[in-house]
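Just below is one structure, and these are the notes that go with it.
The values are calculated or read from the model by the stated rules, or taken from the named source; none is laboratory data. Given the structure is predicted, the values throughout are model-derived calculations rather than measurements. Note that each Cβ is placed from the backbone with ideal geometry, even for glycine, and that neighbours are counted across all protein chains shown.
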Amino acid sequence: MAIRAVHVPESADAAVARLAGGGWVMGGGTVVMPLVNSGAAPVTELVSLRRAGLGGVEVRDGAARIGAAATFTEVGAHPGLAFLRPALRTIASPTLRNQATVGGNLFVAQPYGDLAVCLLALEATCEIAGPDRRRDAPVADVLASGIGAGEVVVAVRVALPEPGTWHYHKAMRRRLNSAAIVTVASVTGVDGGVVASTRIALGGVAPRPVRAVSAERLMLGRPLTHEALTEAGEAARGDADPFDDAYASAWYRTRVLPVHLRRAFLP
């Protein structure tokens, strides 16, 4: 289908109002525009968030509010989010990071949504504007079910992890600028030599980012040893729903998952 109009509203409410007439939301366009250019987009109108005032990053009192239209480059440049820089550098190329937005990555199919994997591990909350009201929703719910018709993600809020608790590892075909075979992001606290709390999110091993709840249960109360992490990685296979693509087979993703989960904690 041919695109007949691109609307550029100047507020979130205006974007929601415009969506009432149909069309697709477009953030940076790194996902939408390839579909448009190939003729695969089943819409004739786009609603761009470029001027809707949804950019920006605020960090204060141990928490961050990241505008849905903030780019990966903008997030990585903020000193308060320095812990995310190694993860962001593994995503696509600098050119794409200048365009790709935080909100858009929530709706990207695996194995490309690596920032969404991080947000899941951080237990982020999405601020959502809709035709009738504004609401908050856990990022886990948005990743699992999407958002309602006519709604727009306005921002994402996260609590910053305590020093030493953030872990990230991504296995890919190239050192940089490649989709994930397996991505692991975790916020894990250790007290008295054993794991006191842990959240582990996986990417590349299911159609959407998933929590490795089986691995989390096995790790609690145990030290971060090679043995414990290997067992946790094997348990995490039960949380995965792997797939075949040009980067790896479902069998391979399942096979190497324990190795890469362990490497997230013991490089």
Q.
Please go through (1) in contact with a Leu (Cβ under 9 Å, 6 or more places away or on another chain); (2) at pLDDT below 90; (3) over 21 Å from residue 97 (Cα atoms) for residue 40 and return the number of the only condition it doesn't satisfy.
A. (1)
Q | All positions within the stretch 82-97 that are part of a loop (DSSP other than H, G, I, E, B) and without any contact (Cβ under 8 Å) to a residue 40 or more places away in the chain | A | 91
(Q) Condition check: touching a strand residue (DSSP E or B) at 6+ places or on another chain (Cβ under 6 Å), touching a residue at least 12 places away in the same chain (Cβ under 8 Å), not in a helix (DSSP H, G or I) and not assigned by TED's automatic domain parsing to the domain that holds residue 207. Does residue 58 satisfy that? (A) no
Q | Where a residue in the stretch 15-30 is within 10 Å of residue 152 (Cβ to Cβ) and in contact (Cβ under 8 Å) with a residue 60 or more places away in the chain and its partner, wherever it lies, is assigned to a loop (DSSP other than H, G, I, E, B) and β-branched (Val, Ile, Thr), with Cβ under 9 Å and at least six apart | A | none
**Q.** Subset of the stretch 173-208 (residues that are outside any strand (DSSP E or B) and over 20 Å from residue 249 (Cβ atoms))
**A.** 175, 176, 177, 192, 193
Q: Report whether or not residue 30 is assigned to a helix (DSSP H, G or I) and either of a type outside the set (Ser, Thr, Tyr) or out of contact with any strand residue (DSSP E or B) (no Cβ under 7 Å at 6 or more places or on another chain) (or both).
A: no
Q: Could you list, in sequence order, all residues of the stretch 147-172 that are part of a strand (DSSP E or B) and within 26 Å of residue 237 (Cα to Cα)?
A: 166, 167, 168, 169, 170, 171, 172
Q | Matching option when the condition is farther than 23 Å from residue 110 by Cβ, crowded, with 18+ Cβ neighbours inside 10 Å and touching a Leu at 6+ places or on another chain (Cβ under 8 Å), among 23, 62 | A | 23
(Q) So, in the stretch 242-267, how many residues would count as being loosely packed, with under 15 Cβ neighbours inside 10 Å and over 20 Å from residue 174 (Cα atoms)? (A) 1
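Listed here are the residues, each with its yes/no results for (1) within 19 Å of residue 154 (Cα to Cα); (2) basic (Lys, Arg); (3) surrounded by fewer than 18 Cβ atoms within 10 Å (Cβ to Cβ).
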position: 77; (1), (2), (3): no, no, yes
position: 83; (1), (2), (3): no, no, yes
position: 86; (1), (2), (3): no, no, yes
position: 93; (1), (2), (3): no, no, yes
position: 102; (1), (2), (3): yes, no, no
position: 106; (1), (2), (3): yes, no, no
position: 109; (1), (2), (3): no, no, yes
position: 114; (1), (2), (3): no, no, no
position: 118; (1), (2), (3): yes, no, no
Q) On the given criteria, is residue 65 over 18 Å from residue 179 (Cβ atoms), basic (Lys, Arg) and over 23 Å from the mean Cα position of the chain (by Cα)? A) no
Q. When the stretch 43-59 is examined, which residues are found to be at pLDDT below 95 and either in contact with a helix residue (DSSP H, G or I) (Cβ under 8 Å, 6 or more places away or on another chain) or more than 29 Å from residue 111 (Cβ to Cβ) (or both)?
A. 44, 45
